[in-house]
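See structure below.
The values are calculated or read from the model by the stated rules, or taken from the named source; none is laboratory data. Not measured: the values here are computed from a predicted model. Every residue, glycine as well, gets a Cβ built from its backbone with ideal geometry; the counts of neighbours run over all protein chains shown.
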Amino acid sequence: MKAGAKVALTFRNLDASMPHNVAIVEPDRLTAIMDASMKLAASPEGLAKHYVPEDKGVIALSPVLQSGNSYVMYFRSPRTPGVYPYLCTYPGHWQVMQGKLIVE
């Protein structure tokens with residue numbers, strides 16, 4: 001996607017049995033956000049925060065969605081070209097549910 005573009009990204013949870021979410025983050029904050037999401041998993045406020053910590057490195061996020069649900073995230077893509085990670089922060093999922101958003 002183009003740097004600084006207005007984005008409407010639809011996230012659909014097509015998993016038949018598990019809840020999921022998605023968070024797009026700044027590359028230098030990925031590890032801190034993964035660690036903080038694990039701490040939220042043990043917190044009573046974790047689900048209310050969708051297991052996404054309050055962090056300046058979160059670019060866009062969806063709520064935790066049950067199977068078959070969808071959510072449109074509206075945001076502006078980063079102004080700096082680069083590779084921006086995204087991940088599912090639902091407890092235990094980020095280890096295998098990650099990807100890369102390319103900003104040109």
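Taking segment 53-74 as the range and being farther than 13 Å from Phe11 by Cβ and out of contact with any Pro (no Cβ under 8 Å at 6 or more places or on another chain) as the test, the residues that pass are Pro53, Glu54, Asp55, Lys56, Gly57, Val58. Being at pLDDT 95 or above and of a type in the set (Gly, Ala, Ser) is the requirement here; does Ser43 meet it? Here the answer is no, as Ser43 does not meet what is asked.
The set of residues from segment 14-37 being in contact with a Pro (Cβ under 7 Å, 6 or more places away or on another chain) and either charged (D, E, K, R) or in contact (Cβ under 8 Å) with a residue 40 or more places away in the chain (or both) comprises Asn21, Val25, Pro27, Leu30, Ile33, Ser37. If you go through segment 40-59 and keep only what is assigned to a loop (DSSP other than H, G, I, E, B) and touching a residue at least 40 places away in the same chain (Cβ under 8 Å), you end up with Gly46, Tyr51. When every residue of segment 65-88 is checked against the conditions, none turns out to be without any contact (Cβ under 8 Å) to a residue 24 or more places away in the chain and either crowded, with 18+ Cβ neighbours inside 10 Å or part of a loop (DSSP other than H, G, I, E, B) (or both). Of the residues making up segment 4-39, those that are more than 16 Å from Asn69 (Cα to Cα) and in a loop (DSSP other than H, G, I, E, B) are Gly4, Ala5, Glu26.
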